[in-house]
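To keep things clear, I will list the structure first and then write my remarks on it.
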Amino acid sequence: MIRAGLVPALLALLVFFGAVLFVAQRVLEAVDTDILSLLPADAHDPVLADALQRASGVASDRVAFVIEGGTPSLRAQAATRLTDLLEETGLFRPSSQDAEELWRWLHTHRTELLCSADKARLADGRGDEMAADALRQWYAPTGIAASRLLQTDPLLLTSRLLGCLVPAGMRGMADGDGSVVSGSITASVFRLDVQDRIGEALSRWRAEYLSKGLRLSRAGALFHATYGAGEARTEISIIGSVTTAAVLLLYWLIFRSFRAPLIAVGMVIYSLSIGLAVTIAVFGHIHAMALVFGAALTGMVIDYTTYYLVTGLGDAAPSRARRRAAIWTPLSLGMLTSVGAFAALLVFPIQAFQQIAVLGGVGLVSAWVATFLLTPLLEGRRVRTGPGARWADRYPGRFLASVPSARLVSIAMAGLAILAIAGYAQGHLLDNVRQFQAPSAKLTAEEARVRDITGFRSSGLFFLVRGDSRDDVVRHEEDLLREVARRGKMQDVTWAASRIAPSQARRKDNRELIEKRLIEPYLEPTLRKLGGGNLHAYDAEEEGAAMPGFIASLRGRTGNVFWSIVPVGGAVPKGLETGEYWQLVDPAARYSSLMREYRQHATYGLIASILATGILLLLAYRRLDALRIMLPMVTAVLVTPAIGMLLGQPFSFFSAMGLFLVVGAGVDYAIFQWESPREEGRWTRVGIALAALMTCISVGLLSLSSVLPVRSFGITVAIGVFLSLTLSPMVRKRTSKV
């Protein structure tokens with residue numbers, strides 16, 4: 001019999017080893033630490049959703065460093081060394097490369113581009129001023145001395161464009177007291193391996209230069225992501241360590257053996273490894289918050305092993321077959337309801353929660369398989385009844401075995417109703433994404449210093465411009481900029497692709513204006529004063545230069561709609577927020593609106609999940625009174641948010657997500673109460689108490705998280721599970737004998 005059972009057990013082990021190898025190869029590159037991954041996608045407006053994602057990507061890739069202290073020469077040396085160290089990682093592209101791309105583009109299109117001031121000069125017939133400026137630059141002691149430019153651009157149009165089209169804040173990259181290093185990260189800044197490699201380069205630089213009196217300030221999403229990842233790693237370590245210690249202690253007290261806790265820990269590793277492997281295989285990556293949840297899932301996964309082990313407690317010695325049979329129905333039904341609750345998370349457009357759904361669902365199914373196939377083989381001889389088991393049988397077990405009177409139930413329900421009313425009256429809802437994670441105070445101060453040095457400001461706002469063709473959207477963007485300029489707010493426009501790559505109509509107008517008002521009347525006189533040059537410098541067609549990547553990233557296409565984003569750095573005048581072809585987008589406000597909408601949808605989904613659980617119970621038991629099983633869970637779902645509010649925790653979308661797990665996990669206790677109402681359920685109730693305690697410990701530790709979504713999730717599940725356990729005796733009938 002045992003030999004026959006080894007075949008599926010060996011298959012289960014092969015799956016485990018395959019999962020471990022897969023995870024070991026992929027985990028570092030697969031971990032996502034982007035806080036925006038915890039926010040919902042905009043399913044109503046795909047163009048806006050793509051623009052939000054693009055704007056986030058453009059902003060997150062940029063990094064800047066300010067080096068202060070020491071002498072100018074030391075700062076210059078340190079800046080060069082920092083650039084070299086960052087480039088050695090293979091992940092850093094210095095801004096100088098962007099500048100080279102921009103120079104080539106501007107030089108190629110120098111007869112098609114004009115800044116507004118020069119366009120006004122030429123329109124007024126003051127082209128001589130531009131020619132005179134070119135001569136001054138040629139003859140200035142620190143001016144331009146390049147024979148190639150004398151042949152290709154003697155009027156120095158490229159230099160004029162570089163000076164007037166690039167925002168001042170991005171040209172002034174240093175002041176008298178600081179040196180600036182800036183650029184972009186060429187891989188996702190939310191990957192742990194990227195964060196570690198950049199962090200190592202910075203550590204090497206600090207080791208060389210901080211002792212010489214230099215100071216380094218940083219700015220960029222990379223460093224906030226690194227901070228968040230560090231917090232997540234700490235939380236995973238704390239949750240995993242505390243849960244493991246609790247398992248070892250509690251299981252030794254219950255079973256008076258270290259084999260039992262080792263089996264439990266082994267089953268946790270087995271289940272989570274398979275769940276993690278499937279999640280990475282499905283999504284290609286996994287969010288750090290899903291990993292934090294995975295550490296918290298320990299308490300739920302370990303329940304399955306617990307339910308089997310407690311069947312070996314007491315003086316009787318039932319066979320393995322009888323022990324499996326005793327838990328087959330309640331454990332299988334509980335697994336299905338819990339997996340169903342996890343599956344409900346898949347319908348919401350937040351990938352981090354979809355990952356939690358897959359990780360949790362696959363993890364629980366794996367735990368269920370391991371409980372029936374592996375745990376009996378690993379257990380060896382039957383566990384002994386420890387002092388903790390007898391204490392649990394005497395106190396929590398006796399409470400769970402009680403059959404509350406109608407009067408007691410009424411009093412309990414009235415008390416919970418009062419708590420609910422007080423909580424809902426005092427509490428509030430939270431959808432504002434700005435409050436989801438407190439930023440590092442140190443990083444905030446460093447970013448402020450970088451802004452002071454560079455003069456660069458960004459509000460996070462941007463205009464989204466749409467059109468039916470590429471040139472169409474460029475013309476609409478030009479119309480927008482014209483309106484911004486008319487209101488005197490052009491200094492607040494950070495970048496605009498149409499400044500660098502205007503519409504065909506504007507290129508034609510600029511070309512004619514430059515040709516007739518500048519080149520024809522002033523090129524030959526300028527060359528005579530310079531002592532020679534190329535009279536046909538502006539006649540030849542230049543080889544096409546690629547549009548600078550950071551400019552091209554401001555444009556996109558979704559389906560048949562072409563669009564561009566125009567970042568702004570300040571307040572937008574009233575009346576410009578919305579136009580026929582553009583709209584002002586505040587990403588934080590937009591995400592907050594989506595959070596509110598999905599919180600409402602989550603509430604409806606929760607109702608559907610409860611109804612689905614009821615249908616599953618009716619199909620399983622084919623008895624109407626089986627719906628009594630749902631009473632503790634439904635009560636917990638209704639009261640848990642109110643208790644959280646009384647504790648100062650606002651109700652958010654993530655609280656609603658936690659309630660889905662309360663539906664799945666909470667109904668398990670009631671199912672076991674329903675299945676084991678008499679004396680034979682004595683040790684099962686000990687298992688229920690131990691399982692609930694482990695879940696409350698592991699998931700409850702999420703309340704220590706610095707990230708509101710994780711904290712809300714943990715508090716909600718812990719309160720809901722505790723209430724479900726406490727109320728589970730209501731399922732028992734008064735005819736039950738214990």
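The values are calculated or read from the model by the stated rules, or taken from the named source; none is laboratory data. A quick note: this is a predicted structure, and the numbers were derived from the prediction, not measured. Ideal geometry is used to build each Cβ from the backbone, glycine not excepted, and the neighbour counts take in all protein chains shown.
Structure summary
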{"quantity": "Residue among 473, 465 that alone is assigned to a helix (DSSP H, G or I) and buried (at least 19 other Cβ atoms within 10 Å of the Cβ)", "calculated": "473"}
{"quantity": "Test: residue in the stretch 589-609 that is in a loop (DSSP other than H, G, I, E, B) and among the hydroxyl-bearing types (Ser, Thr, Tyr)", "calculated": "no"}
{"quantity": "Within the stretch 649-738, helices (runs of 4 or more DSSP H) holding 2 or more residues that are small (Gly, Ala, Ser), at pLDDT 85 or above and more than 24 Å from residue 304 (Cβ to Cβ)", "calculated": "653-675"}
{"quantity": "Helices (runs of 4 or more DSSP H) (entirely within the stretch 381-448) containing at least 2 residues that are of a type in the set (Val, Ile, Thr) and assigned by TED's automatic domain parsing to the domain that holds residue 708", "calculated": "406-426"}
{"quantity": "Residue among 194, 180, 247, 265 that is within 22 Å of residue 294 (Cβ to Cβ) and touching a strand residue (DSSP E or B) at 6+ places or on another chain (Cβ under 7 Å)", "calculated": "194"}
{"quantity": "Some residue of the stretch 648-661 being surrounded by fewer than 20 Cβ atoms within 10 Å (Cβ to Cβ) and over 24 Å from residue 363 (Cβ atoms)", "calculated": "yes"}
{"quantity": "Leading residue by the ranking (farthest from residue 136 (Cα to Cα)) among those in the stretch 487-537 that are at pLDDT 90 or above and in a loop (DSSP other than H, G, I, E, B)", "calculated": "503"}
{"quantity": "Only listed residue being surrounded by fewer than 20 Cβ atoms within 10 Å (Cβ to Cβ) and under 44 Å from the mean Cα position of the chain (by Cα), chosen from 378, 374, 430", "calculated": "378"}
{"quantity": "Qualifying residue in the stretch 103-121 (condition: at pLDDT below 85 and closer than 21 Å to residue 533 by Cα)", "calculated": "no"}
{"quantity": "Hits in the stretch 109-135 - residues which are in contact (Cβ under 8 Å) with a residue 24 or more places away in the chain, farther than 10 Å from residue 518 by Cα and in a helix (DSSP H, G or I)", "calculated": "116, 117, 118, 119, 123, 133, 134, 135"}
{"quantity": "Matching residues, the stretch 585-613, being under 21 Å from residue 434 (Cα atoms) and surrounded by 17 or more Cβ atoms within 10 Å (Cβ to Cβ)", "calculated": "585, 587, 590, 591, 592, 594, 595, 598, 599, 602"}
{"quantity": "Selection status of residue 626, assigned by TED's automatic domain parsing to the domain that holds residue 720, in contact with a helix residue (DSSP H, G or I) (Cβ under 8 Å, 6 or more places away or on another chain), surrounded by fewer than 16 Cβ atoms within 10 Å (Cβ to Cβ) and assigned to a helix (DSSP H, G or I)", "calculated": "no"}
{"quantity": "Out of 501, 545, 505, sole residue that is closer than 30 Å to residue 575 by Cα and surrounded by 14 or more Cβ atoms within 10 Å (Cβ to Cβ)", "calculated": "501"}
{"quantity": "Residue match in the stretch 359-378 (condition: without any contact (Cβ under 8 Å) to a residue 40 or more places away in the chain, among the β-branched types (Val, Ile, Thr) and at negative phi)", "calculated": "yes"}
{"quantity": "Residue in the stretch 502-512 that is over 37 Å from the mean Cα position of the chain (by Cα) and either acidic (Asp, Glu) or over 30 Å from residue 579 (Cα atoms) (or both) present", "calculated": "yes"}
{"quantity": "Qualifying residue in the stretch 350-369 (condition: in the same structural domain as residue 255 (by TED's automatic domain parsing) and either outside any helix (DSSP H, G or I) or over 30 Å from residue 283 (Cβ atoms) (or both))", "calculated": "yes"}
